[in-house]
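Chemist: I'd like to ask you about the structure that follows.
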Amino acid sequence: MPLNVFKLAVLVSGRGSNLQAIIDSIDQKELHAHISIVISNKIDAMALERAKKHDIKTIFIDPASYLDKNAYDKALVEKLKFFSVDLICLAGYMRILGEEVIQTFKEKIINIHPSLLPAFPGLNAQKQAIEYGVKFSGCTVHFVDSGVDSGPIISQTVVPIYDDDDEKSLSERILNEEHNLYPKAIRMIKEKQLKINNRTVTRKTL
Ligand code: GAR
């Protein structure tokens, strides 16, 4: 591995299709990066299997082995420091990161969320969008701060909602776009294309 390679940690809890999109984008040489570690809080996450298939190191950090959330977060910080990654990508990671993690890796943690934030943060974003009756939803990549899905927005894709959509059909349409959006956002960060000014993230002019 070249010395100056851009190193990623990917945090997962489940299916891992966004992890797969990142892996594929690296394999196809669209994203010049290396996944140093995949960390899961769920032992049976399919994402762990996907990583192993590609010879990517995995760690399961079991929440049940820690006294409380702070102790868990300390362990997570230790692991992330050990791998000295450049960027931490949450990809379907369903635990809220504690202040210690956020402060240690300021502006180095990003997340993908299946709605056009700030609309429909939290769980079941696609169901929330259907129930609210909006005509467009989408996906958002954002920096992670101490709120829930509330950090500065890096990029978004709009997805239409049709009259016959249900949660499943909308989730599939959004997920397709997530798989495009996430590797591109990582690439923009890797190439230092972004400027952050409080909440506003813009592309640097060349
Ligand atoms: C994705 O839709 C992602 O946007 C969502 O979980 C799914 C994970 O799928 N994340 C959140 O809702 C975070 N608030 P995946 O495991 O197949 O990548």
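Chemist: Just checking, does region 44-55 include any residue being surrounded by fewer than 18 Cβ atoms within 10 Å (Cβ to Cβ), more than 16 Å from the ligand (Cβ to nearest atom) and without any contact (Cβ under 8 Å) to a residue 60 or more places away in the chain?
Modeler: yes
Chemist: May I ask you to verify whether Gly151 is part of a strand (DSSP E or B) and either free of Cβ contacts under 8 Å to residues at least 40 places away in the same chain or within 12 Å of the ligand (Cβ to nearest atom) (or both)?
Modeler: So Gly151 fails the test.
Chemist: If I go through region 11-32 residue by residue, how many of them are away from the ligand (no atom under 13 Å from the Cβ) and in a loop (DSSP other than H, G, I, E, B)?
Modeler: Total meeting the criteria: 5.
Chemist: Cβ-Cβ distance below 8 Å, separation of 6 or more or different chains: which pairs start in region 12-30 with a residue that is under 19 Å from Glu172 (Cβ atoms) and hydrophobic (A, V, I, L, M, F, W, C) and end on one that is open to solvent by 20 Å² or more (accessible area, probe 1.4 Å) and in a helix (DSSP H, G or I)?
Modeler: Pairs found: Leu19/Arg50; Ala21/His179; Ala21/Asn180.
Chemist: Please enumerate the residues belonging to region 56-73 that are assigned to a helix (DSSP H, G or I) and either within 16 Å of the ligand (Cβ to nearest atom) or surrounded by 15 or more Cβ atoms within 10 Å (Cβ to Cβ) (or both).
Modeler: Tyr72, Asp73
Chemist: Can you name the residue in region 101-146 that is in contact with a helix residue (DSSP H, G or I) (Cβ under 8 Å, 6 or more places away or on another chain) and more than 28 Å from Asp73 (Cα to Cα) and is also farthest from the ligand (Cβ to nearest atom) among such residues?
Modeler: Ile130
Chemist: Restricting to region 124-149, name every residue that is open to solvent by less than 10 Å² (accessible area, probe 1.4 Å) and under 19 Å from Met188 (Cβ atoms).
Modeler: Matches in region 124-149: Gly138, Cys139, Thr140, Val141, His142.
The values are calculated or read from the model by the stated rules, or taken from the named source; none is laboratory data. This is a predicted model, so every value here is computed, not measured. Cβ atoms come from the backbone with ideal geometry, glycine included; neighbour counts cover every protein chain shown. Note: accessible area is taken over every heavy atom of the protein model, side chains too, but ligands, DNA and RNA are not part of it. Shrake-Rupley method; radii C 1.70, N 1.55, O 1.52, S 1.80 Å.
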